[in-house]
Amino acid sequence: MNEIFRIMEEDARKTPQQIATMTGIPLSKVKEAIKQAERNRTILKYKAMVNWDKLGEGQVWALIEVRLVPQRDVGFDAIAERIYRFPEARSVYLMSGTYDLAVLIAGKTMQEIASFVAQKLAPLEGVQGTVTHFLLKRYKEDGEVLEGEERPKRVPIMP
Amino acid sequence: MKDTKRTKERDMISKRVKEIPPSGIRRFFDILASLEGVISLGVGEPDFVTPWHIREAGIYSLEKGYTSYTSNYGLLELREEIARYLKSRYGLDYDPQRELLITVGVSEGLDLAMRAILDPGDEIIVHEPGYVSYMPCTVLAGGVFVPVPTTIENEFKVKAEDIEKRITPKTKALLLGYPNNPTGAVMDREGLRRVAEVAQRHDLLVISDEIYERLVYGVKHTCFASLPGMKERTILLSGFSKAFAMTGWRIGYAAAREEIIEAMMKIHQYTMMCAPTMGQMAAIEALREGEAQIAEMVAEYDQRRRVMVEGFNRIGLTCFEPRGAFYTFPSIKRTGLSSEEFAERLLLEDRVAVVPGATFGECGEGYVRCCYATSLAEIEEALERMSRFVKRHRAR
Ligand SMILES: Cc1ncc(COP(=O)(O)O)c(C=O)c1O
């Protein structure tokens with residue numbers, strides 16, 4: 001059954017009929033599995049992976065290292081929630097190592113991000129300190145190489 | 001400067017070479033060169049690039065300066081790795097020092113095997129449809145090629161009794177090529193066991209081309225040499241081209257008893273010296289760390305295989321379910337065209353390249369070979385084009 005989702009993760013536009021053919025799983029079973037996955041949030045949503053730079057609308061991204069003071073009973077979860085509720089925070093991860101949260105922020109300009117960090121993130125109670133790293137260039141994202149992946153051709157007819 | 005001594009009358013090409021008919025697919029290259037937007041199901045190799053860690057091992061070997069010849073047998077480290085692999089996968093015991101030879105692909109392995117065992121006039125029995133090299137390699141080695149047809153009714157598996165009927169006092173060997181190019185057929189253990197009995201009864205060698213050994217879907221591959229008593233009789237040929245997507249690296253191997261490997265090495269050392277060193281280094285990495293990638297590639301081929309087989313049956317080109325390699329072999333008989341006409345017209349009219357079944361032996365007539373080692377999007381588009389083609393060409 002996991003094969004169904006591996007196929008969809010690679011290409012969400014594959015139809016249940018196509019997936020049924022590819023896997024040999026009966027169509028009704030495929031449909032049912034997808035429906036259930038949508039219901040229980042195994043599939044969170046369907047979306048396109050857009051290269052905004054090509055549309056002249058590139059965004060500024062930053063990775064913020066956040067050091068936290070853990071809180072009694074809730075540990076890092078409560079403060080993490082306060083942070084991930086900001087729509088500017090696109091991804092939030094608890095990390096091992098020299099800092100605690102990695103927060104990926106997207107904004108229109110560097111200033112926008114800088115002021116978000118200075119005014120919203122850093123002053124939060126429980127936040128001990130932040131280090132901001134601006135993203136300079138995307139080479140590969142979520143398994144996809146963004147540029148220059150032209151493949152050499154194979155001999156078209158070969159016995 | 002004109003060479004006046006060279007007149008047209010004197011034929012410089014050997015009779016042996018002239019005995020080999022020209023390849024039926026060469027003219028398709030010219031047609032292909034003149035067309036754009038062709039989808040090719042005519043390829044014979046993976047569409048994956050060699051996994052990066054294997055390529056990286058090749059690059060590293062260059063950086064470290066591994067640019068000289070290796071032993072004629074190939075790097076001992078690689079032979080040891082292959083011996084371990086054959087032991088763990090098929091329970092076979094080959095001595096890496098004496099019973100393994102690294103070749104320039106299975107292509108060279110076939111040539112060496114034939115030349116090592118055939119005397120002029122010796123016969124070798126080979127099932128058809130089969131890989132295009134089998135016949136020329138036999139002829140170049142001075143042997144006599146004795147084809148055995150296989151049929152769709154038996155899912156293109158060769159029958160022991162059909163082999164036995166063709167045995168003469170001159171028969172020296174059998175050749176098996178399963179999983180099969182072009183049909184995708186896989187032999188089951190029982191069928192192979194019966195072939196083994198024939199080999200035993202008539203004291204024959206068996207060349208077993210198992211290059212597609214790892215590409216099987218929902219069935220188990222039986223290594224012919226692993227059947228009781230067969231290791232001594234078998235020249236096992238395999239390699240890295242298909243399983244690890246390494247066609248351009250040119251690395252294969254032969255496993256057989258010492259006396260045969262010694263004979264093959266004798267030819268190899270004078271004609272080839274050794275297989276490419278960089279490729280051998282990469283092959284070591286492939287065997288040590290490549291299993292996960294094989295599994296991923298096989299899973300993808302399997303999905304595409306299902307899509308293609310289902311598609312052909314849907315558009316009216318009856319297709320048995322192939323269980324190995326990466327080929328389907330649909331019947332085109334309902335169009336009333338020969339496989340060559342079918343391939344040529346399909347290419348010109350709807351721009352899909354396939355290989356005529358007759359390329360692989362007479363009994364391949366009525367079929368075409370279509371490779372699914374290509375993206376799903378291309379397979380789906382090709383099926384659509386072929387559906388249009390079949391509708392236009394339905395025989396009355
Ligand atoms: C059945 C069979 N044997 C041997 C070969 C040759 O493979 P290699 O790249 O190892 O020379 C091929 C390649 O297409 C094949 O299909």
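Residues being within 30 Å of A:Ile19 (Cα to Cα), out of contact with any Phe, Trp or Tyr (no Cβ under 8 Å at 6 or more places or on another chain) and small (Gly, Ala, Ser): count how many of those fall in the stretch B:257-316.
Count: 5.
Suppose the filter is assigned to a loop (DSSP other than H, G, I, E, B) and surrounded by 15 or more Cβ atoms within 10 Å (Cβ to Cβ); does B:Asp95 pass it? So that I can check it myself, show each step before the final result.
Working: assigned to a loop (DSSP other than H, G, I, E, B): yes; surrounded by 15 or more Cβ atoms within 10 Å (Cβ to Cβ): no.
So B:Asp95 fails the test.
Is it fair to say B:Gly91 is of a type outside the set (Val, Ile, Thr), at positive phi, outside the structural domain of B:Ile261 (by TED's automatic domain parsing) and more than 16 Å from the ligand (Cβ to nearest atom)? Can you show your working first?
Numbers: of a type outside the set (Val, Ile, Thr): yes; at positive phi: yes; outside the structural domain of B:Ile261 (by TED's automatic domain parsing): no; more than 16 Å from the ligand (Cβ to nearest atom): yes.
For B:Gly91, the condition - of a type outside the set (Val, Ile, Thr), at positive phi, outside the structural domain of B:Ile261 (by TED's automatic domain parsing) and more than 16 Å from the ligand (Cβ to nearest atom) - is not met.
Quick one: count up the residues across the stretch B:105-132 that are away from every other protein chain (no Cβ under 14 Å), buried (at least 23 other Cβ atoms within 10 Å of the Cβ), assigned to a helix (DSSP H, G or I) and touching a Gly at 6+ places or on another chain (Cβ under 9 Å).
Count: 3.
Take the stretch B:11-64 and flag every residue that is free of Cβ contacts under 8 Å to residues at least 40 places away in the same chain, open to solvent by less than 70 Å² (accessible area, probe 1.4 Å) and within 14 Å of chain A (Cβ to nearest Cβ).
B:Phe29
Residues in the stretch B:191-215 that are farther than 11 Å from B:Ala173 by Cα and hydroxyl-bearing (Ser, Thr, Tyr): how many?
Number of matching residues: 1.
Could you please let me know if A:Gln17 is touching a residue at least 40 places away in the same chain (Cβ under 8 Å) and of a type in the set (S, T, N, Q)? Quick ask: steps written out before the conclusion?
Working: touching a residue at least 40 places away in the same chain (Cβ under 8 Å): no; of a type in the set (S, T, N, Q): yes.
When the stated conditions are applied, A:Gln17 does not pass them.
Can you tell me which residues in the stretch A:7-47 are part of a helix (DSSP H, G or I), open to solvent by 90 Å² or more (accessible area, probe 1.4 Å) and of a type outside the set (D, E, K, R)?
Of everything in the stretch A:7-47, those that are part of a helix (DSSP H, G or I), open to solvent by 90 Å² or more (accessible area, probe 1.4 Å) and of a type outside the set (D, E, K, R) turn out to be A:Gln17, A:Gln36.
If you go through the stretch B:171-187 one residue at a time, do you hit one that is open to solvent by less than 10 Å² (accessible area, probe 1.4 Å) and free of Cβ contacts under 8 Å to residues at least 24 places away in the same chain?
Checking the stretch B:171-187: not a single residue is open to solvent by less than 10 Å² (accessible area, probe 1.4 Å) and free of Cβ contacts under 8 Å to residues at least 24 places away in the same chain.
Looking at the stretch A:141-157 only, could you name the residues that are more than 14 Å from chain B (Cβ to nearest Cβ) and either assigned to a strand (DSSP E or B) or within 30 Å of B:Thr359 (Cβ to Cβ) (or both)?
A:Glu141, A:Glu144
Might you let me know whether the stretch B:171-183 holds any residue that is in contact with an Asp or Glu (Cβ under 7 Å, 6 or more places away or on another chain) and over 19 Å from B:Ile211 (Cα atoms)?
So far as the stretch B:171-183 goes, yes, one or more of its residues are in contact with an Asp or Glu (Cβ under 7 Å, 6 or more places away or on another chain) and over 19 Å from B:Ile211 (Cα atoms).
Has the stretch B:193-204 got any residue that is open to solvent by less than 10 Å² (accessible area, probe 1.4 Å), within 16 Å of the ligand (Cβ to nearest atom) and β-branched (Val, Ile, Thr)?
Step one: of the stretch B:193-204, the residues open to solvent by less than 10 Å² (accessible area, probe 1.4 Å) are B:195-196, B:198-199, B:204.
Now restrict to residues that are within 16 Å of the ligand (Cβ to nearest atom): none.
Within the stretch B:193-204 (the criterion being open to solvent by less than 10 Å² (accessible area, probe 1.4 Å), within 16 Å of the ligand (Cβ to nearest atom) and β-branched (Val, Ile, Thr)), the answer is no, since none of the residues qualifies.
Is it the case, given these coordinates, that A:Arg138 is away from chain B (no Cβ under 14 Å), charged (D, E, K, R), farther than 30 Å from B:Ser40 by Cβ and surrounded by 12 or more Cβ atoms within 10 Å (Cβ to Cβ)?
Details: away from chain B (no Cβ under 14 Å): yes; charged (D, E, K, R): yes; farther than 30 Å from B:Ser40 by Cβ: yes; surrounded by 12 or more Cβ atoms within 10 Å (Cβ to Cβ): yes.
Yes: the conditions hold for A:Arg138.
Open to solvent by 50 Å² or more (accessible area, probe 1.4 Å), outside the structural domain of B:Phe320 (by TED's automatic domain parsing) and more than 16 Å from the ligand (Cβ to nearest atom), is that true of B:Pro147? It would help to see each step written out before you state the result.
Working: open to solvent by 50 Å² or more (accessible area, probe 1.4 Å): yes; outside the structural domain of B:Phe320 (by TED's automatic domain parsing): yes; more than 16 Å from the ligand (Cβ to nearest atom): no.
For B:Pro147, the condition - open to solvent by 50 Å² or more (accessible area, probe 1.4 Å), outside the structural domain of B:Phe320 (by TED's automatic domain parsing) and more than 16 Å from the ligand (Cβ to nearest atom) - is not met.
Determine which member of the set B:Ala373, B:Ala343, B:Ala275 is surrounded by 22 or more Cβ atoms within 10 Å (Cβ to Cβ), within 14 Å of another protein chain (Cβ to nearest Cβ) and part of a loop (DSSP other than H, G, I, E, B).
Working: B:Ala343 fails: part of a loop (DSSP other than H, G, I, E, B); B:Ala275 fails: within 14 Å of another protein chain (Cβ to nearest Cβ).
Within the list B:Ala373, B:Ala343, B:Ala275, the selection yields B:Ala373.
The values are calculated or read from the model by the stated rules, or taken from the named source; none is laboratory data. In this text the structure is predicted, and so the values were computed from the model without any measurement. Glycine gets a Cβ as well: all are built from the backbone with ideal geometry, and neighbour counts include every protein chain shown. When the accessible area is computed, the model is the full protein with side chains, heavy atoms only, and any ligands, DNA or RNA have been set aside. Shrake-Rupley method; radii C 1.70, N 1.55, O 1.52, S 1.80 Å.
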